[in-house]
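Here's the structure we're looking at; comments come further down.
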Amino acid sequence: MKTAGLVLAAGAGRRYGGPKALVRRDGALLVERAVATARAGGLAPVFVVVGAAADRVRAEADLGDAVLVDNPEWASGMASSLRAGLAALRATDASAAAVLLVDMPGVTAAAVARVTAGADRQTLAMGGYDDRRGHPVVLGRDHWTGVAETATGDAGARAYLRAHAAAVTVVPCGDVADDTDLDTPDDQDTPPPGAQTS
């Protein structure tokens with residue numbers, strides 16, 4: 001059974017001040033970190049959905065053999081990126097997809113490996129952080145159509161996972177990862193992409 005990586009990196013980062021895929025943290029762009037995390041967690045192939053800064057990501061990010069997927073509807077919300085990514089993954093032989101968000105650099109390879117362990121076509125799994133559920137989110141291939149049909153706005157797979165709550169496995173990850181998302185520049189010590197620094 002093969003689990004693919006699906007990195008959602010298409011947003012404009014309006015509250016942040018620029019596309020978060022291009023934010024540099026600890027010497028690497030967030031999109032590079034997400035792809036590296038996916039690979040180190042055992043995911044292959046790795047697909048990256050781009051949108052708002054697609055040309056810059058292609059030009060500036062070192063993503064190796066990751067497959068970039070364009071989402072022309074990125075402005076409508078994360079759900080469109082999830083649909084675009086799952087549609088592209090249908091051409092692979094992956095049994096499941098592990099979804100990572102580009103603005104969660106605290107999600108580690110250890111968390112990815114833990115949540116995807118034993119994943120197959122029927123898996124629905126999420127990382128658990130205390131009383132919260134979060135990423136990585138693992139979607140078995142048998143669920144891709146249903147997820148795509150119910151994903152709207154910025155909710156992603158939330159409605160589908162809620163409707164199939166009894167089938168969702170929550171895997172504790174709080175000891176190996178942090179689910180904090182970078183919403184504004186105050187969430188980290190790096191200026192937004194394109195900001196002037198002295």
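The values are calculated or read from the model by the stated rules, or taken from the named source; none is laboratory data. Every value quoted in this text rests on a predicted model; they were computed, and no experiment measured them. Positions of Cβ are backbone-derived with ideal geometry, glycine not excepted, and every protein chain shown enters the neighbour counts.
Summary of computed values
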{"read-out": "Residue within the range 174-187 that is part of a helix (DSSP H, G or I), at pLDDT 95 or above and surrounded by 15 or more Cβ atoms within 10 Å (Cβ to Cβ) present", "value": "no"}
{"read-out": "Selection status of Gly134, at pLDDT below 95 and at positive phi", "value": "no"}
{"read-out": "Residue pairs meeting the criteria (Cβ under 7 Å; at least 6 apart or on separate chains; first farther than 10 Å from Val31 by Cβ, in the range 1-12; second acidic (Asp, Glu))", "value": "Met1/Asp120; Lys2/Asp93"}
{"read-out": "Residue within the range 138-146 that is under 25 Å from Arg15 (Cβ atoms), assigned to a helix (DSSP H, G or I) and touching a helix residue (DSSP H, G or I) at 6+ places or on another chain (Cβ under 9 Å) present", "value": "no"}
{"read-out": "Filter pass, Thr180 being on the phi < 0 side of the Ramachandran plot and more than 16 Å from the chain's Cα centre (by Cα)", "value": "no"}
{"read-out": "Qualifying position, being surrounded by fewer than 22 Cβ atoms within 10 Å (Cβ to Cβ) and more than 17 Å from Val35 (Cα to Cα), among Ala87, Ala113, Ala59", "value": "Ala87"}
{"read-out": "Count of the range 1-12 residues which are of a type in the set (A, V, I, L, M, F, W, C), in a loop (DSSP other than H, G, I, E, B) and crowded, with 20+ Cβ neighbours inside 10 Å", "value": "1"}
{"read-out": "Residue that is farthest from Ala84 (Cα to Cα), among those in the range 153-173 that are modelled with pLDDT of 90 or more and part of a loop (DSSP other than H, G, I, E, B)", "value": "Cys173"}
{"read-out": "Top-ranked residue in the range 13-35 [being assigned to a helix (DSSP H, G or I) and in contact (Cβ under 8 Å) with a residue 60 or more places away in the chain; ranked as farthest from Val176 (Cα to Cα)]", "value": "Leu22"}
{"read-out": "Residue that is surrounded by the most Cβ atoms within 10 Å (Cβ to Cβ) [pool: residues in the range 62-74 that are under 16 Å from the mean Cα position of the chain (by Cα) and in a loop (DSSP other than H, G, I, E, B)]", "value": "Asn71"}
{"read-out": "Cross-chain or 6+ apart pairs with Cβ under 6 Å, the range 108-128 first and in contact (Cβ under 8 Å) with a residue 40 or more places away in the chain, then part of a loop (DSSP other than H, G, I, E, B) and among the β-branched types (Val, Ile, Thr)", "value": "Thr108/Val176; Ala110/Val176; Ala111/Val176; Leu124/Val168"}
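Rundown of residues vs (1) touching an Asp or Glu at 6+ places or on another chain (Cβ under 7 Å); (2) on the phi < 0 side of the Ramachandran plot; (3) of a type outside the set (A, V, I, L, M), yes/no style:
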position	(1), (2), (3)
Glu73	no, yes, yes
Ser80	yes, yes, yes
Ala91	no, yes, no
Ser95	yes, yes, yes
Gly106	yes, yes, yes
